[in-house]
1. I need a count of the residues in the stretch 225-254 that are touching a residue at least 60 places away in the same chain (Cβ under 8 Å) and in a loop (DSSP other than H, G, I, E, B).
2. Out of (1) farther than 14 Å from Ser71 by Cα; (2) among the β-branched types (Val, Ile, Thr); (3) surrounded by fewer than 22 Cβ atoms within 10 Å (Cβ to Cβ), the odd one out for Ile343 is which?
3. Limited to the stretch 258-277, what total is found for residues that are without any contact (Cβ under 8 Å) to a residue 60 or more places away in the chain and surrounded by 23 or more Cβ atoms within 10 Å (Cβ to Cβ)?
4. Quick one: in the stretch 400-440, of everything that is part of a helix (DSSP H, G or I), free of Cβ contacts under 8 Å to residues at least 40 places away in the same chain and not charged (D, E, K, R), which residue is least open to solvent (accessible area, probe 1.4 Å)?
5. Determine which single condition Val425 fails, assuming it passes every other condition in (1) more than 22 Å from the chain's Cα centre (by Cα); (2) farther than 28 Å from Met297 by Cα.
6. Sort through Gln116, Gln135 and tell me the only one that's under 30 Å from Pro61 (Cα atoms), modelled with pLDDT of 95 or more and among the polar types (S, T, N, Q).
7. Determine, yes or no, whether Asp195 is part of a helix (DSSP H, G or I), in contact with a Lys or Arg (Cβ under 7 Å, 6 or more places away or on another chain) and either on the phi < 0 side of the Ramachandran plot or not acidic (Asp, Glu) (or both).
8. In the stretch 130-167, which residues are among the hydroxyl-bearing types (Ser, Thr, Tyr) and either surrounded by fewer than 21 Cβ atoms within 10 Å (Cβ to Cβ) or in a strand (DSSP E or B) (or both)?
Amino acid sequence: MPTKIEVRYALLLIVVMLAGMATGGYAQSRLAFERISKDRRFSASNYCIYPDTLLIKQTPPPIGKRPFYISHYGRHGSRYLSNRKGYDIPYKMLQKADSLGKLTPMGKNVKSQLEQILQDCEGRWGDLTDLGKQQHRGIARRMMIRFPDVFEGKAHIDAKSTTVNRCILSMGSAIQGMVSRNPKLQVRMDASTHDMWYLNHQDKNLRDSMMTPATKKVYDAYCSNREHNPRLMALLFNDSVYVKEQVDEVWLNYYLLKSALIQQNTRMGNLVDFLDLFSYEDIHQFWQKENAWWYFMYGPSLLNGGKQPFTQRYLLRRIIEEADSCLQLRKPGVQLRFGHETILLPLTCLLELNHFGYQTYDLEELEEHGWWACLVFPMASNLQFVFYRESPSDRDVLVKVLLNEEEATLPIKSETAPYYKWRDVRQYYLDKIENYEKSN
């Protein structure tokens, strides 16, 4: 006899499949399609480059309040692909077809471009690129321009990173950008396993519930009308029978598009380009699948219980505790932390910033409601908690949160939003974490 949970997922699967049949696999809202039509690179999900905007409008703080402390968590900057798999899968398919005379001239050209990319990436898997270093220098400098009071004189900068090289180098690039503007800064940097328990926490219980067999059925149903690309196969291969019998169309389509999109982060971006193989509809459907996957795995999806953002409860509590300590100081300075998108995205959802706490069973609703993971975690993405007060004796401390340098809304009442009373903010999140831990 099926359980209530199994019955619920079975009914949900039917709803998703019917929705796919009714819409032909397209989302009811096509807001992201409009954005992709203007810039195809926007579809790259966690491969998007940072929206490096120099001047973003800031709301003036309440009269008398001045910034005095910044607490930060940032993702590493632009990087190479983390391993060969993403290139090897499409390359080996094309290589085999070429050896049998099954490639079109276009297919041969794409194979040649993949060979160039592989040569450039060899020995650099997952490494920070020059663009990644540039991104963090720029973010650091803009932070100093916007909040000069925090960086005056011999201000203290405490920076920590996960033990991954690209994160360590991102930290170093940010510090380089700061010191170039103020050589007097007192800097401390560290990258140690000692801090990995909160900088890159992996929660086994929650990870095991990310993609259960039941939720995978729902996800697969959502993707089923979004992953075939016969037009691409005709561009690459000269034998349709060979394609049907020998080519894994779904994986070739997927990895070839990912390979094209990540090049915007490397020096090969201006040397190779096979993104034109894909229509805007192809790219939009890829974006939809990626966005839904991230919602499942790291977002607040109700399909797997809505608890995945709590993987970052230790990091959030640490941010709160360190802020409480720093607020006692006359000039606390800045705390920088460098890690990964798999931390930044669930942290953003846990904070319920903007609309990223949105919960639903229906993946078709994500695009319409603005739950777009690519807006949270482009390369070098970051959260900045900026604290304000009138003087060291002022206990009415305010905080505002910047997501990728833009003011974000919090799920807390405030007459001065985007500025919020710190005592309200800390209590809201501490209560949220405590309630989760009591029930689990």
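The values are calculated or read from the model by the stated rules, or taken from the named source; none is laboratory data. Computed from a predicted structure; not experimentally measured. Please note: Cβ atoms are built from the backbone with ideal geometry, for glycine as well, and neighbour counts cover all protein chains shown. Note: accessible area is taken over every heavy atom of the protein model, side chains too, but ligands, DNA and RNA are not part of it. Shrake-Rupley method; radii C 1.70, N 1.55, O 1.52, S 1.80 Å.
1. So the answer is 7.
2. If we test Ile343 against (1) farther than 14 Å from Ser71 by Cα; (2) among the β-branched types (Val, Ile, Thr); (3) surrounded by fewer than 22 Cβ atoms within 10 Å (Cβ to Cβ), just (3) comes out false.
3. Final tally of qualifying residues: 1.
4. Val425
5. (2)
6. Going through Gln116, Gln135 in turn, the sole match is Gln135.
7. So Asp195 fits the description; yes.
8. Once the filter is applied, which keeps residues that are among the hydroxyl-bearing types (Ser, Thr, Tyr) and either surrounded by fewer than 21 Cβ atoms within 10 Å (Cβ to Cβ) or in a strand (DSSP E or B) (or both), the stretch 130-167 yields Ser161, Thr163.
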